[in-house]
Amino acid sequence: MASQRQIQVGGVPIGGGAPVAVQTMTKTETANLQATMDQIRTVADAGADIVRVAVPRDKDVEALKMIVKESPIPVIADIHFNHTLALKAIEAGAHCVRLNPGNIGGPEKVAEVAELANRHGTPMRIGVNSGSLPKHLHALERENPVEALVTAAVEFVELMERLDFTNFKVSIKSTNVPNTIASNRLLSERTPYPLHLGITEAGTKWSGSLKSAVGLGTLLADGIGDTIRISLSTFHAEEEVKVGWEILKALHLRERGPVLIACPTCGRLQFDMDTVVAEIERRLEAYEDPVEVAVLGCAVNGIGEASHADFGITGAKNEGLVFSRGKPLRKVPQEQLVDVLFEEIDKYATSKRVEVDATEAAEGAEWLAKIEAENAGELTPERLAAMEKAASQLDEDASPTAGRRFTRA
Ligand code: SF4
């Protein structure tokens, strides 16, 4: 169930129907102001809506005072074990404080933080991690880890409500993907507060991105989750942001920058697509328009498969074609394909319309028709898929139940 309540983290709305916010955490020593600010600017450029910084020492609080002033995006202070640091972070102007009410020294200390946060209007993220549940839930954790996580979170929610503090979001984090999904589903039914989603210690860029996409994607597709953080073992926090955006873009929850589509390649491939796709992906990062760019490994199928793409390229032998929305634009030598593709994207970025040179387009169309004719009998993956689709349509039409609608008893 989607969250009903909304909070504001430094002007970014969280929950209650607001767009899902992308977060990350700096990997620098917070007290190293220069390095921390450099990383914050990098993640903001990559699209982070909010950034979290670790505040384990007094010198980090000192740096935090400057960071909150200079940061282009809201800053969350991440506090563990030490409620005094939480108080100092609020005084320093943190836009939000993240703490685990179970490890901050008891309910009195939580009350002190909540009272000051209320006075400053500072929201909090309260969270439980699978590795640090309160002692009284350890037996339940062994029996039913999901129920134990949700019980801990609900107990903290009730504690904050008793303290008259409701300006918070909640997070349940686990290294276990099925438990993360199940516990957040359950928690979303038991609390109206916004939820922060993440898979703890997800792993490297490769495995961590996949685990996060499965875990967070499943929840987000159900409408659960108001902020996300992809935890990756990399010093480049911007990579976490990029993965977060890809998940949101894949689910059509938010739009940001270009979308790249590429065929999976097969034995008909006509150029070094690995290198070309990687280069296109890297160069597209500099663009803000949500253009769709397609890369087809050969022109055997024509370009109909990618007719929805704003721009695309395909190759054959030593030549290739730049196309737009299913129509040829220019035939070019293969080694110029990428540069010419970007020339066309640049023209579009300026004029907001696709510019077609009739002579060059006709040349491209002629080249494409020739390739298609030469390969008319080829069974490509795309043609096989189209044949399967047509066959299933025929089966469906011939079925005695065709046209009947079934309802569940
Ligand atoms: S046949 Fe399809 S999958 Fe194979 S290279 Fe050509 S476009 Fe890519």
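The values are calculated or read from the model by the stated rules, or taken from the named source; none is laboratory data. Quick caveat: nothing in here was measured; it's all calculated off a predicted structure. Here the Cβ is made from the backbone with ideal geometry for all residues, glycine too, and neighbour counts use every protein chain on show. Ligands, DNA and RNA are excluded from the accessible area calculation, which covers all protein heavy atoms including side chains. Shrake-Rupley method; radii C 1.70, N 1.55, O 1.52, S 1.80 Å.
Summary table
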{"read-out": "Options VAL51, VAL43: the member that is part of a strand (DSSP E or B) and either touching a His at 6+ places or on another chain (Cβ under 7 Å) or β-branched (Val, Ile, Thr) (or both)", "value": "VAL51"}
{"read-out": "Where ALA309 falls short, out of the listed (1) open to solvent by 10 Å² or more (accessible area, probe 1.4 Å); (2) at pLDDT 85 or above; (3) in a loop (DSSP other than H, G, I, E, B)", "value": "(1)"}
{"read-out": "Residues (farther than 18 Å from VAL293 by Cβ and surrounded by 15 or more Cβ atoms within 10 Å (Cβ to Cβ)) located in the range 351-367", "value": "GLU360, ALA361, GLU363, ALA365, TRP367"}
{"read-out": "Only listed residue being surrounded by 13 or more Cβ atoms within 10 Å (Cβ to Cβ), of a type in the set (Val, Ile, Thr) and in a helix (DSSP H, G or I), chosen from VAL332, VAL340", "value": "VAL340"}
{"read-out": "The range 116-128 residues that are surrounded by fewer than 22 Cβ atoms within 10 Å (Cβ to Cβ), paired with ones that are in a helix (DSSP H, G or I) and of a type in the set (A, V, I, L, M, F, W, C) (beta carbon under 9 Å, 6 or more apart)", "value": "LEU116/ALA86; LEU116/LEU87; LEU116/ILE90; ARG119/ILE90; HIS120/ILE90"}
{"read-out": "Unique match (being within 30 Å of LEU219 (Cα to Cα), within 24 Å of the chain's Cα centre (by Cα) and within 16 Å of the ligand (Cβ to nearest atom)) among LEU284, LEU260, LEU253", "value": "LEU260"}
{"read-out": "Pair list, Cβ under 9 Å, 6 or more apart: the range 264-275 residue under 11 Å from VAL295 (Cα atoms), other residue near the ligand (Cβ under 6 Å from one of its atoms) and in a helix (DSSP H, G or I)", "value": "PRO264/PRO381"}
